[in-house]
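The values are calculated or read from the model by the stated rules, or taken from the named source; none is laboratory data. Since the structure is predicted, the reported quantities are computational estimates derived from the model, not experimental observations. Please note: Cβ atoms are built from the backbone with ideal geometry, for glycine as well, and neighbour counts cover all protein chains shown. To get the accessible areas, we keep the full protein, side chains included, count just its heavy atoms, and leave off ligands, DNA and RNA. Shrake-Rupley method; radii C 1.70, N 1.55, O 1.52, S 1.80 Å.
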Amino acid sequence: MRAEEAVRAAYIHACNKHPVFPKNPHAALSILVEEVGEIAQALNEGDMAAALLEAAQVGAVIQRFIEEFS
């Protein structure tokens, strides 16, 4: 799957699951950091497929962050 497609799918899923994004940038940053940590966890477990899914979720959080705060 292409990166753009993976991020778009993660974005749609995130918006449906969590329609309200934090209004506080520090709270939003904590979500981003959590997702990055999940990439590290997946890599530490040797699970590249899970790491790629988490990376797409990071992209989705970044997109929502930019939309919310710009």
**Complete:** Counted residues in segment 24-51 being touching a residue at least 40 places away in the same chain (Cβ under 8 Å) and surrounded by 15 or more Cβ atoms within 10 Å (Cβ to Cβ) come to 1
**Item:** Selection from segment 52-67 of residues that are more than 21 Å from Arg2 (Cβ to Cβ) and either in contact with an Asp or Glu (Cβ under 6 Å, 6 or more places away or on another chain) or open to solvent by less than 60 Å² (accessible area, probe 1.4 Å) (or both)
**Value:** none
**Prompt:** Can you pull out the residues in segment 3-39 that are within 14 Å of Gly59 (Cα to Cα) and of a type in the set (Val, Ile, Thr)?
**Reply:** Val7, Ile12, Ile31, Val33, Val36, Ile39
**Prompt:** How many residues are among the hydrophobic types (A, V, I, L, M, F, W, C) and open to solvent by 50 Å² or more (accessible area, probe 1.4 Å) when one looks only at segment 1-23?
**Reply:** 5
